[in-house]
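**Q** Can you read through this structure? Questions will come right after.
The values are calculated or read from the model by the stated rules, or taken from the named source; none is laboratory data. Note that the structure is a prediction, hence the values are computed from the model and not measured. Here the Cβ positions follow ideal geometry from the backbone for every residue, glycine too, while neighbour counts run over all protein chains shown. Areas reflect the complete protein model, heavy atoms only, side chains present, ligands, DNA and RNA absent. Shrake-Rupley method; radii C 1.70, N 1.55, O 1.52, S 1.80 Å.
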Amino acid sequence: MSELTFEQMLEDPNSFKTIHSGEVVEGKVIDVKPDEIVLNIGYKSDGILARNEYTNDSSVDLTTVVKPDDTMEVKVLKVNDGEGQVVLTYKRLAADRGNKRLEEAYNNKEVLKATVSQVLEGGLSVIVEEMRVFIPASLVSDVYERDLNKYAGQEIEFVISEYNPKRRRYIGDRRQLIAARKAELQKELFARIQEGDVVEGVVKNVTEFGAFVDLGGADGLLHISEMSWGRIEHPKKVFKVGEKLNVLIKEINGNKIALSLKFDDANPWKDAAEKYGTGSVVTGKVARMTDFGAFIELEPGIDALLHVSQISKDHVDKPSDILKVGEEVTAKVVDFNEADRKISLSVKAMAAPEAEEDEAPVDIDAVITAQDGE
């Protein structure tokens, strides 16, 4: 009930005010039910605020959000609902204020924050002071997002890119904020890095030709040929998305960054002359075979060619007739070319050392070129 009794009102007709539909009034909560709030608004009748005029959430228990003696600003919907009660609304007043808030944010290009209330098929929905703002999937990020469900319940930042109250169309844009931040980070990154630096990055994507590494402002390409001094069959067998790497900045060309994991201190060729000089006897595994010979891995990063003519003193049509991938082979180094990083082997020289002087070293480039020209 209102604070003034009916008798008091009769004695002083000026004790209660006149109100009109659409007017904003302040009231004190005198009773709360799960689905209804009763307020004393200083009028001859109490004001009734139903749950559906407080919020769009039909599951809200009003006793959990307000309590007796709380004061509220509300808007008058009807002065008399037919039963002598005043019908009030809170959400429409909030919407009016929310609409004004969005207009100001739109005009000032203000960055807003709100929690994602719904994940829809075509984008995200957020609520700003009881106003629903839609963020299309294309404006959620600067990259394609396959699954928007990860944003459910998250607080995100955005700007209002379209404000149309007549059509109740309020569009948010998160993509331009991300793009602007990335541009700033990219500028900062290029200002501090140079070729030869070793920096930390995170693997962002892995393809058959390499991996893209996020350096914190720009992505660098780690090509398959720069992943190891050894041979890499497929990048996905070596790297995983999210993995941290310390990478060498090999080249900066405009906004493109080429990376490498082939550090000089791990270069297997730095002391190869001592281990694989001409005349050395070495053991390695068959890494791969062609029609003209087999490539023997002496250690990761160093392969040597065992030409088909050097596999045996007997005639061999093709290496696969004698050898298998993974098989260990012991042979003699008959040519070591450190400048071109090429080594030629011979098993036949092991069997007939007296014939070494009659054997000319195999020209690997000539063999491959001749093979390609057939």
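**Q** Taking Tyr54 as the residue in question, decide whether it is of a type in the set (Phe, Trp, Tyr) and farther than 15 Å from Thr89 by Cβ.
**A** Criteria not met by Tyr54.
**Q** Right, something else. Restricting attention to region 316-329, which residues are over 49 Å from the mean Cα position of the chain (by Cα) and either closer than 17 Å to Ala349 by Cβ or not in a loop (DSSP other than H, G, I, E, B) (or both)?
**A** Val316, Asp321, Ile322 - these are the residues of region 316-329 that are over 49 Å from the mean Cα position of the chain (by Cα) and either closer than 17 Å to Ala349 by Cβ or not in a loop (DSSP other than H, G, I, E, B) (or both).
**Q** For region 191-228, which positions are part of a helix (DSSP H, G or I) and crowded, with 16+ Cβ neighbours inside 10 Å?
**A** Scanning region 191-228 gives Ile224, Glu226.
**Q** Right, here's the next one. Within region 237-268, restricting attention to residues that are small (Gly, Ala, Ser) and within 23 Å of Lys342 (Cα to Cα), which residue is most open to solvent (accessible area, probe 1.4 Å)?
**A** Per the stated criteria, the residue is Ala266.
**Q** Would you point out the residue of region 336-355, among those that are more than 15 Å from Gly293 (Cα to Cα) and surrounded by 15 or more Cβ atoms within 10 Å (Cβ to Cβ), that is modelled with the highest pLDDT?
**A** Top of the filtered list is Phe336.
**Q** Sticking with this structure for a sec: Looking at Gly42, Gly27, Gly22, which one is modelled with pLDDT under 95 and in a strand (DSSP E or B)?
**A** Of the residues listed, the single one that is modelled with pLDDT under 95 and in a strand (DSSP E or B) is Gly27.
**Q** Hey, Ala105 hits all of (1) out of contact with any Leu (no Cβ under 7 Å at 6 or more places or on another chain); (2) of a type in the set (A, V, I, L, M, F, W, C); (3) assigned to a helix (DSSP H, G or I) but one; which does it fall short on?
**A** The number of the failed condition is (1).
**Q** Now for a separate question. Consider only pairs whose beta carbons are under 6 Å apart and that are at least six residues apart or on different chains; among these, list those whose first residue lies in region 330-343 and is under 11 Å from Thr278 (Cα atoms) and whose second residue is open to solvent by less than 50 Å² (accessible area, probe 1.4 Å) and in a loop (DSSP other than H, G, I, E, B).
**A** Val333/Ser280; Phe336/Gly277
**Q** Filter region 140-184 for residues that are open to solvent by 20 Å² or more (accessible area, probe 1.4 Å) and touching a residue at least 60 places away in the same chain (Cβ under 8 Å) and give the result.
**A** Within region 140-184, Tyr163, Pro165, Leu177 meet the criteria.
**Q** Quick check: anything in region 125-139 under 30 Å from Gly220 (Cα atoms), touching a residue at least 40 places away in the same chain (Cβ under 8 Å) and surrounded by 12 or more Cβ atoms within 10 Å (Cβ to Cβ)?
**A** So far as region 125-139 goes, no, none of its residues is under 30 Å from Gly220 (Cα atoms), touching a residue at least 40 places away in the same chain (Cβ under 8 Å) and surrounded by 12 or more Cβ atoms within 10 Å (Cβ to Cβ).
**Q** Tell me which of these His234 doesn't satisfy, since it passes every other one: (1) of a type outside the set (D, E, K, R); (2) at pLDDT below 95; (3) open to solvent by less than 40 Å² (accessible area, probe 1.4 Å); (4) within 28 Å of Lys342 (Cβ to Cβ).
**A** Just one mismatch for His234, condition (3).
**Q** From Asp303, Asp271, grab the single residue that is open to solvent by less than 70 Å² (accessible area, probe 1.4 Å), over 17 Å from Lys348 (Cβ atoms) and not in a helix (DSSP H, G or I).
**A** Just one listed residue meets the conditions, Asp303.
**Q** Six or more apart or on different chains, Cβ atoms under 8 Å: show the pairs whose first residue is in region 196-208 and under 14 Å from Glu243 (Cα atoms) and whose second is assigned to a strand (DSSP E or B) and aromatic (Phe, Trp, Tyr).
**A** Matching pairs, first to second residue: Val203/Phe212; Lys204/Phe212; Asn205/Phe212; Val206/Phe212.
**Q** From the list Val119, Val66, Val87, which residue is closer than 30 Å to Leu148 by Cα and either surrounded by 12 or more Cβ atoms within 10 Å (Cβ to Cβ) or among the hydroxyl-bearing types (Ser, Thr, Tyr) (or both)?
**A** Selected residue: Val119, the only one of Val119, Val66, Val87 that is closer than 30 Å to Leu148 by Cα and either surrounded by 12 or more Cβ atoms within 10 Å (Cβ to Cβ) or among the hydroxyl-bearing types (Ser, Thr, Tyr) (or both).
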